[in-house]
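Down below is the structure, laid out as structure tokens.
The values are calculated or read from the model by the stated rules, or taken from the named source; none is laboratory data. The structure displayed is predicted, hence computed values, not measured ones. Every residue, glycine among them, receives a Cβ derived from its backbone with ideal geometry; neighbour counts consider all protein chains shown. Surface areas here come from the heavy atoms of the whole protein model, side chains and all, with no ligands, DNA or RNA. Shrake-Rupley method; radii C 1.70, N 1.55, O 1.52, S 1.80 Å.
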Amino acid sequence: MCLVGVFRYNSQQIKQMKPSFKPSDRLNLPAYPFADLERKATALKASGKPVYNLSIGDPDLTPPRFVIEAAQKALDDPRSHLYPSSRGDYDVRCSVVKWFEGRFGVKLDPDKQVCITIGAKEGLANIARTVVNPGDTVAVPDPAYPVYGRAGCQMVDGKQVLLKLYPEHGFLPDLKSIESVKLLYLNYPNNPTGAEAPDDFLVELGKLADANPAMTLVYDMAYSEMCFDHPARSILEFTPNAIELHSLSKMACTTGYRVGFAVGNPDRIAALIRIKEEIDSGAPLPFQLALQAMLNAYRGDVPPQDILYYREVFSRRRKLIIEALEKMGFDVFNSQATFYVWFKVDDDEMPFISRALEKGVLFTPGSGFGPGGRGWVRASVTVPDDVIAAVVSAIEDL
Ligand code: MLT
């Protein structure tokens, strides 16, 4: 095949071109932390060194067989070849309703209180578009999953109010400090700290939402099924005035399927569906049906065996990493949830991060989750057991 003429400009001409594209001010943000870490891991791999990547919560375990099969089978369903609906398939929404009642004892209306999302991340970001006008205040925990402060605030021209989370308060915010915000993001079981929300906190949070009907409380429960001691509770058990996000990603080790759901207050759900109609056409049906298979596998609040297995593996790996870190004298936050280990290294965590990188170990710097994460480090145990063992011996003398 002749390739002459395929390339319109040579590299010299490209270099001489004047930059004409200027991204909008909304993109005037430092690199998204996980994209940046992925680039670092790729560069390290390219250098030929062994890489132990504990920087992203991307589970290595295999999804339940019946979840994979549900997605595979759905590809032969002619409905899968058509546009999905922005709010999600009706039968899948009914399965969400059944699961929610069995798991949390809360009844939902499949038409008014459920919207299937393209993972929790999409829902978290799009909710901000439904409620934030330029200059409106958005309360964002510090430290927190970066989506709240970025897509959920800066990218919709909101004004960020940081809610400090301290280890001595179990990484729970002081609810009394929250005044007239338009949007409040909270997340328990918590990423990055692994903190859980006790019932008395949820009671107070429910009261706050009830007393402030103009405020939208977004409760991110992406890690709801990853608790080792006792099950996490939904904020909808405490107030109807909230919108809660769930995800198949961490529940079934399927981050690549990009499917989750938002449930709760009908007005907020209607607004989310409205935005999604303008922007996307919903999650692909095969992955919605994978989500349905997972939810249908619960018997009331009892999860299928696969989830018990994931908990056992992640909890065992956490213990190994925690043991190694404590031996080194680091202060590890005591948590019984998520597949993250959150530990304090110093006033500034970056020298530790660099020393670990030299040994091929990639951790997440705490400051990537906000200024309150400075000095802290997150390790994600979503890598195979042999990698955990290699990390334990690599970090011994850090
Ligand atoms: C994380 O590592 O915090 C998450 O996996 C990132 C995400 O869920 O987008």
Would you check if there is a residue in segment 326-346 being in a helix (DSSP H, G or I) and open to solvent by less than 60 Å² (accessible area, probe 1.4 Å)? no
For segment 273-286, which residues satisfy the criterion of being more than 24 Å from PHE104 (Cβ to Cβ), assigned to a helix (DSSP H, G or I) and not charged (D, E, K, R)? ILE275, ILE279, LEU285, PRO286
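Of the residues in segment 250-272, how many are more than 16 Å from the ligand (Cβ to nearest atom) and not in a strand (DSSP E or B)? Lay out the reasoning, then the answer.
In the first step, residues of segment 250-272 are kept if they are more than 16 Å from the ligand (Cβ to nearest atom); the result is 263-272.
Next cut, not in a strand (DSSP E or B) only: 265-272.
The total comes to 8.
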Residue set ALA128, ALA144, ALA139; condition more than 28 Å from HIS230 (Cβ to Cβ) and not aromatic (Phe, Trp, Tyr); output residue ALA128
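Within segment 195-208, can one find any residue that is away from the ligand (no atom under 16 Å from the Cβ), under 18 Å from LYS121 (Cα atoms) and in contact (Cβ under 8 Å) with a residue 40 or more places away in the chain? Quick ask: steps written out before the conclusion?
Here is the first cut: in segment 195-208, the residues away from the ligand (no atom under 16 Å from the Cβ) are 196-208.
Checking which are under 18 Å from LYS121 (Cα atoms) leaves us with none.
No, that holds for no residue.
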Between ARG311, ARG268, ARG316, which is farther than 25 Å from LEU172 by Cα and either out of contact with any Cys (no Cβ under 7 Å at 6 or more places or on another chain) or touching a residue at least 40 places away in the same chain (Cβ under 8 Å) (or both)? ARG316
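Residues to consider are VAL313, VAL381, VAL341; find the one that is closer than 18 Å to ASP58 by Cβ and more than 16 Å from the ligand (Cβ to nearest atom).
Unique residue meeting the criteria: VAL313.
Among the helices (runs of 4 or more DSSP H) lying completely within segment 1-107, list those that include at least 1 residues that are surrounded by 12 or more Cβ atoms within 10 Å (Cβ to Cβ).
Working: elements: 11-16, 33-46, 65-74, 90-104.
So the answer is 33-46, 65-74, 90-104.
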Please go through segment 347-364 and give me each residue that is farther than 12 Å from VAL391 by Cα and either in contact with a Phe, Trp or Tyr (Cβ under 9 Å, 6 or more places away or on another chain) or in a loop (DSSP other than H, G, I, E, B) (or both), ordered by number. ASP347, ASP348, GLU349, PHE352, ILE353, THR364
Every residue from segment 375-398 that is more than 18 Å from GLY194 (Cβ to Cβ) and in a loop (DSSP other than H, G, I, E, B): PRO384, ILE395, GLU396, ASP397, LEU398
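Here is a check on your reading of the model: is GLY57 modelled with pLDDT of 95 or more and assigned by TED's automatic domain parsing to the domain that holds PRO365? Please lay out each step first, then the result.
On the way: modelled with pLDDT of 95 or more: yes; assigned by TED's automatic domain parsing to the domain that holds PRO365: yes.
So GLY57 fits the description; yes.
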For segment 223-249, give me the residue count where each residue is of a type in the set (S, T, N, Q) and within 16 Å of the ligand (Cβ to nearest atom). 3
Hey, LYS15 hits all of (1) within 20 Å of the chain's Cα centre (by Cα); (2) not assigned by TED's automatic domain parsing to the domain that holds LEU202 but one; which does it fall short on? (1)
In the list ALA270, ALA293, ALA242, ALA297, which residue meets the criterion of being open to solvent by 10 Å² or more (accessible area, probe 1.4 Å) and in contact with a Phe, Trp or Tyr (Cβ under 6 Å, 6 or more places away or on another chain)? ALA293
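Condition check: in contact (Cβ under 8 Å) with a residue 24 or more places away in the chain, more than 21 Å from GLY194 (Cα to Cα) and more than 16 Å from the ligand (Cβ to nearest atom). Does SER85 satisfy that?
Here the answer is yes, as SER85 does meet what is asked.
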Would you confirm whether any residue within segment 200-217 is of a type in the set (S, T, N, Q) and open to solvent by less than 70 Å² (accessible area, probe 1.4 Å)? yes
Among the residues listed as THR117, THR137, the single one being crowded, with 22+ Cβ neighbours inside 10 Å and either at pLDDT 95 or above or assigned by TED's automatic domain parsing to the domain that holds PHE261 (or both): THR117
Restricting to segment 347-356, name every residue that is open to solvent by less than 60 Å² (accessible area, probe 1.4 Å) and under 24 Å from the mean Cα position of the chain (by Cα). GLU349, ILE353
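Among the residues of segment 173-187, is any under 21 Å from the mean Cα position of the chain (by Cα), within 15 Å of the ligand (Cβ to nearest atom) and closer than 26 Å to THR130 by Cα? Full working, then the answer.
Of the residues in segment 173-187, the ones under 21 Å from the mean Cα position of the chain (by Cα) are 173, 183-187.
Adding the requirement that they be within 15 Å of the ligand (Cβ to nearest atom) leaves 185, 187.
Filter once more, so that each one left must be closer than 26 Å to THR130 by Cα: 185, 187.
Yes, segment 173-187 has at least one match.
Which residues, taken from segment 253-276, are out of contact with any Leu (no Cβ under 8 Å at 6 or more places or on another chain) and among the aliphatic types (A, V, I, L, M)? Steps first, answer last, please.
Restricting attention to segment 253-276, the residues satisfying the condition of being out of contact with any Leu (no Cβ under 8 Å at 6 or more places or on another chain) are 255-256, 258, 265-276.
Matches in segment 253-276: ILE269, ALA270, ALA271, LEU272, ILE273, ILE275.
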